[in-house]
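Structure, as structure tokens:
Just so you know, all these numbers are worked out from the coordinates, no wet-lab data involved. Since we're looking at a predicted model, the values are computed, not measured. Heads up, the Cβs are rebuilt from the backbone with ideal geometry, glycines too, and the neighbour counts pull from every protein chain shown.
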Amino acid sequence: MRSWGNREDTFVCDEPLYAHYLVRTGLPHPMAQEVIASQDNDWQKIVQWLTGPVPNGKAIFYQKHMSHHLLPEISREWLPQLTHCFLIRHPGEVLPSLDEKYERPKLLDTGYPQQVEIFDYIRRLTGRVSPIVDSRDILQNPRGLLAKLCEVLGISFQERMMSWPPGIRDTDGVWAKHWYNAVEKSTGFQPYIPKNKPLPEHLKSLYRECLPYYEQLYALRLQGA
């Protein structure tokens, strides 16, 4: 989101369906009430905005979504109006981080099955394979992967995507102060550092559930020059 938000032609938005997700699920997320108060929680109104004119007269509307925020009640019919890119990360790296924020996370909390469902839906309706970017690949070769992604999306790569000033953004969700400490300090992509700690016992069965979904998308991922 920082990379795309640093382009001169791009407007970014941060998890626009988060408030709706919290209202409908009642999950005790950190800052839940602040999030709910900060956003419209009517998904149909949100979708009208997401599929309408690009804000601030920009050419590109970068929308950062969490796949699990698209609850089953939310129609998927609007999704083909957008161009999709899927960011994936190995469950061995996702689950320990998720475990720090959630008490005993479950499969649907991870977003893996929802990513596959949405990816398959878009491919079935449009006949297109949406680009998939693995987080490890992009940290190991950010310029190559971003250039390849821009090429696939039919837009020009900008060097501005490689670095950005530190600090908060007006477009950050109110939850930034809880989740984005490292993001706010960042000025570019950090080198990939593997997480070699063994998974706790209570995450191993969830890991086995997540892995097939991840591997299905990983096999189709973009690879940079």
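Could you state the number of Å between the C-alpha centres of the range 152-178 and the range 5-41?
16
Given the rule -39500 (n - 2.57) for each run of at least 4 DSSP H residues, summed and divided by the residues of the chain, what is its mean residue ellipticity at 222 nm, to the nearest 500 deg cm²/dmol?
One gets -12000 deg cm²/dmol as the mean residue ellipticity at 222 nm.
Taking Rg and Dmax of the Cα atoms in Å straight from the coordinates, which label in (i) 16.0, 47; (ii) 17.3, 50; (iii) 18.1, 49 is the correct one?
Computing Rg and Dmax of the Cα atoms in Å and matching it to (i) 16.0, 47; (ii) 17.3, 50; (iii) 18.1, 49 gives (ii).
For ASP134, what residues show an amide H to amide H distance below 5 Å, using hydrogens built from the backbone and excluding near sequence neighbours?
ILE88, LEU222
Would you kindly derive the ³J(HN,Hα) couplings of the range 55-63 from the backbone phi angles with the Karplus curve 6.51 cos²θ - 1.76 cosθ + 1.60 (θ = phi - 60°), listing them in order in whole Hz, with x for Gly and Pro?
Karplus-based 3J(HN,Hα) across the range 55-63 equals x, 6, x, 7, 8, 10, 10, 8, 10 Hz.
Calculate the spin-label point distance for LYS185 paired with LYS197, positioning each point 7 Å from the Cα along the beta-carbon direction, and give it in nanometres.
The two pseudo-label positions are separated by 1.7 nm.
Any chance you could run the full-extension gain for MET66 through SER156? It's 0.36 nm times the residue separation minus the Cα-Cα distance, nm to one decimal.
Additional length available on full extension: 29.9 nm.
Where a ≥ b ≥ c are the square roots of the eigenvalues of the C-alpha gyration tensor, would you call the range 130-211 rounded, which needs a/c under 1.5, or, failing that, prolate if a/b is larger than b/c, or oblate?
Since a/c reaches 1.5 but b/c is at least a/b, the shape of the range 130-211 is classed as oblate.
What is the order of ARG123, ARG2, ARG104, fewest Cβ neighbours within 10 Å to most?
Arranged by neighbour count, lowest to highest, ARG123, ARG2, ARG104 become ARG104, ARG123, ARG2.
Could you line up THR83, THR10, THR25, THR187 from fewest to most neighbouring Cβ atoms inside 10 Å?
THR187, THR25, THR83, THR10
Return a whole-number percent for the relative contact order of the chain, with Cα pairs under 8 Å and 6 or more residues apart as the contact set.
In percent, rounded to a whole number, it is 27.
Which percent, nearest 5, of DSSP beta bridges in the chain are antiparallel?
10
Of MET66, MET1, how do they rank once you tally other Cβ atoms within 10 Å and put the fewest first?
MET66, MET1
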